[in-house]
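Below is one structure, written out as C-alpha cells; the observations come after it.
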Amino acid sequence: MMHRALNRAVIASALALTASHALAADKIKVGFMLPYSGTYAALGTAIENGFKLYVAEQGGKLGGRELEYFKVDDESNPAKASENANRLIKRDQVDVVIGTVHSGVAMALAKAAKSSDTTLIVTNAGADAITGAMCGPGIFRTSFSNWQPGYAMGPVAAAKGHKTAVTITWKYASGEEQMAGFRESFEKAGGKIVKDLTLPFPNVEFQSLLTEIASIKPDMVFAFFAGGGAVKFVQDYHASGLQKSIPLYGTGFLTDGTLPAQGNAAQGLLTTLHYADGLNTPRDNAFRASYAKAYNDLQPDVYAVQGYDAAQLMQSGLTAVQGNIADKAKFRDAIRSATIDSPRGKFTLSAAGNPVQDFYLREVSGKENKVVDVAVKQLADPAQGCKL
C-alpha cells in the first residue's frame, strides 16, 4: 500500500512538472488587428512598434511566456471588420487581440471579442460605446474615449475668451463623439457652437467647408482629423488664410504623427491629448530613447505609447497569474486594477476599462507637440450605459 501511494505521488509530481513545462513551452498568441495600409497605416505600425518594444525590454517575454504574433490588415474598413476579427479569434485562436485605430472597425471587433470571451485591448479607437454600453469583463483600452480629448479643450478655449466656435470633422463615430465632448465642456463654460460641419470618411475635399467657415466668422474652429486627412486639412486651412483671423484648435490627432508632412502649416496649433512631446520625465525620456534606438531614430508618438502600454497591461495581468493566461478572471481582474507607469504619466483604468489620465495642452513647435500645460487632470470618461 505504501509502495502504491509513493508511486502515485511520484506520478502526480511528474504530471505537475510536465504541465508546468508545457505551459512554459506554449507561446501566448497575440493577434494584431491594425491598419497596415491606407490613411491610418503609419498609426498601425506605430502601435505594433510600441507593443514589441516593451516586450523586447522584458527580454522577449511577458509573464515569463514567449509570444506568437498573428497580424491582419483591417484596412480601416468596417465592412470587413467581423470577418477580420474572426480570422484572429476563430482561425488563429489568439489569446489576446490588440487593435485597432478606426472606431467603426473597433465596434465590430469589440462585439466579436465579447461574444467569444476573448480579451481585447483597444490601442486607439475611441468609440465611446466600447467602454460604455458595449463594455465587458474582457474589454480594455490603453487610449481614450472620444469624449475625453474633445472635452479637455472646452475649458482652454473658454479661458482664451472664445465665445463662438465651428466644429469640423469626418462624419463617423470618432469625429462626432470628439465634437460632442468639446460641445459639452465649451457650453458648460459659456461658449456656443454655431455650426457643426462634417464630410464623409475619408473624403479630404475641404474647400467648400472652409468657404463656409469664412462666411460664418466664428471666434475659433475646433477640428478632428487624423493621418493623411489631418495633413491635408491643416495645409488647406493654412493656405486659405483663415488662421490669421480664426484660430484653429483640435484634438491631438490633428498634429500627432503628421507634423513632418504638415510643415509650416501646423506651427503654433494648439491641441489637447493624453500625450505630448517634452514631458521631460525620466520614464518618458527613457521610452523615447529606447524607441529611437530600436526604430532607426524614429520619434514615438501617441500611437506608439498606446501600443507600448497595451503590452504593459498584459504584463500586469500575466504576472498576477504567473503566466497562466487560461485563468481569465484573475488575469482580467489584475489588468483592471493595475496602475500603469506609462510614458504619458501614470494612469489607472476605470471600472469600465478606460484610462483615467491627464490631458495635456500642446503647441506645435517645429516637429514637436510641445507640452504647454495640463488641460485637465485625471479625466475619467462617464462610461454611459456600461453595466459591469
Problem set entry | Count - residues of the stretch 150-177 that are more than 21 Å from the chain's Cα centre (by Cα) and of a type in the set (Lys, Arg) | 2
Exercise. Which condition breaks for Val105 when tested against (1) open to solvent by 20 Å² or more (accessible area, probe 1.4 Å); (2) β-branched (Val, Ile, Thr); (3) in a helix (DSSP H, G or I)?
Worked result: (1)
Exercise. If you go through the stretch 358-383 one residue at a time, how many are of a type in the set (A, V, I, L, M) and not in a strand (DSSP E or B)?
Worked result: 2
For this session: Scan the stretch 159-171 and give yes if some residue there is part of a helix (DSSP H, G or I) and of a type in the set (S, T, N, Q), otherwise no.
Result: no
For this session: Please verify whether the stretch 234-247 includes one or more residues that are buried (at least 21 other Cβ atoms within 10 Å of the Cβ) and at pLDDT below 95.
Result: no
Exercise. If the Cβ limit is 6 Å and pairs must be 6+ apart or interchain, which residue in the stretch 359-388 that is farther than 16 Å from Ser185 by Cβ pairs with which residue that is of a type in the set (Lys, Arg) and open to solvent by 60 Å² or more (accessible area, probe 1.4 Å)?
Worked result: Glu363/Lys370
For this session: Quick one: in the stretch 359-388, of everything that is of a type in the set (Asp, Glu) and surrounded by fewer than 22 Cβ atoms within 10 Å (Cβ to Cβ), which residue is nearest to Leu270 (Cα to Cα)?
Result: Glu363
Exercise. Which condition number does Pro300 fail, the rest of (1) open to solvent by less than 10 Å² (accessible area, probe 1.4 Å); (2) under 23 Å from Arg65 (Cα atoms) being met?
Worked result: (2)
Exercise. Which of the residues belonging to the stretch 200-233 are open to solvent by less than 40 Å² (accessible area, probe 1.4 Å) and small (Gly, Ala, Ser)?
Worked result: Ala223, Ala226, Gly227, Gly229, Ala230
Exercise. Among the listed residues Ala110, Ala125, which satisfies the condition of being open to solvent by less than 50 Å² (accessible area, probe 1.4 Å) and part of a loop (DSSP other than H, G, I, E, B)?
Worked result: Ala125
For this session: Could you please let me know if Thr272 is more than 30 Å from Lys163 (Cβ to Cβ), among the hydroxyl-bearing types (Ser, Thr, Tyr) and under 19 Å from the mean Cα position of the chain (by Cα)?
Result: no
For this session: Answer with yes or no whether Phe182 is open to solvent by less than 30 Å² (accessible area, probe 1.4 Å) and among the aromatic types (Phe, Trp, Tyr).
Result: yes
For this session: Mind listing whichever residues of the stretch 335-344 are open to solvent by 30 Å² or more (accessible area, probe 1.4 Å) and in contact with a Lys or Arg (Cβ under 9 Å, 6 or more places away or on another chain)?
Result: Thr339, Asp341
For this session: Would you please list the contacts, defined by Cβ atoms under 6 Å and residues six or more apart or on different chains, that run from a residue in the stretch 205-221 that is within 23 Å of Val156 (Cβ to Cβ) to a residue that is surrounded by 14 or more Cβ atoms within 10 Å (Cβ to Cβ) and charged (D, E, K, R)?
Result: Ile216/Lys195; Asp219/Lys163
Problem set entry | Test: residue in the stretch 351-362 that is more than 17 Å from the chain's Cα centre (by Cα) and farther than 29 Å from Val30 by Cα | yes
For this session: Starting from the stretch 260-289, take each residue that is loosely packed, with under 13 Cβ neighbours inside 10 Å and list its partners that are in a helix (DSSP H, G or I), counting only C-beta distances under 9 angstrom and pairs at least six apart or across chains.
Result: Asn264/His238; Gly268/Gln243
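Residue-by-condition table, conditions (1) open to solvent by less than 20 Å² (accessible area, probe 1.4 Å); (2) in a helix (DSSP H, G or I); (3) touching a residue at least 24 places away in the same chain (Cβ under 8 Å):
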position	(1), (2), (3)
Glu68	no, no, yes
Ser76	yes, no, yes
Leu88	yes, yes, yes
Ser115	no, yes, no
Ile130	yes, yes, yes
Pro137	no, no, yes
For this session: Report, ordered by the first and then the second residue, all pairs with beta carbons closer than 6 Å, sequence separation of six or more or different chains, a first member in the stretch 101-113 that is touching a residue at least 24 places away in the same chain (Cβ under 8 Å) and of a type outside the set (A, V, I, L, M), and a second member that is open to solvent by less than 20 Å² (accessible area, probe 1.4 Å) and assigned to a helix (DSSP H, G or I).
Result: Ser103/Ser174
Exercise. When you go through (1) more than 30 Å from Ala265 (Cβ to Cβ); (2) open to solvent by less than 10 Å² (accessible area, probe 1.4 Å); (3) hydrophobic (A, V, I, L, M, F, W, C) one by one for Ala351, which number turns out not to apply?
Worked result: (2)
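The values are calculated or read from the model by the stated rules, or taken from the named source; none is laboratory data. Fair warning: this is a prediction, and the values are worked out from it, not measured in the lab. Using ideal geometry, Cβ is built from the backbone for each residue, glycine included, and neighbour counts are taken over all protein chains shown. Calculation scope for accessible area: heavy atoms of the full protein, side chains included, ligands and nucleic acids excluded. Shrake-Rupley method; radii C 1.70, N 1.55, O 1.52, S 1.80 Å.
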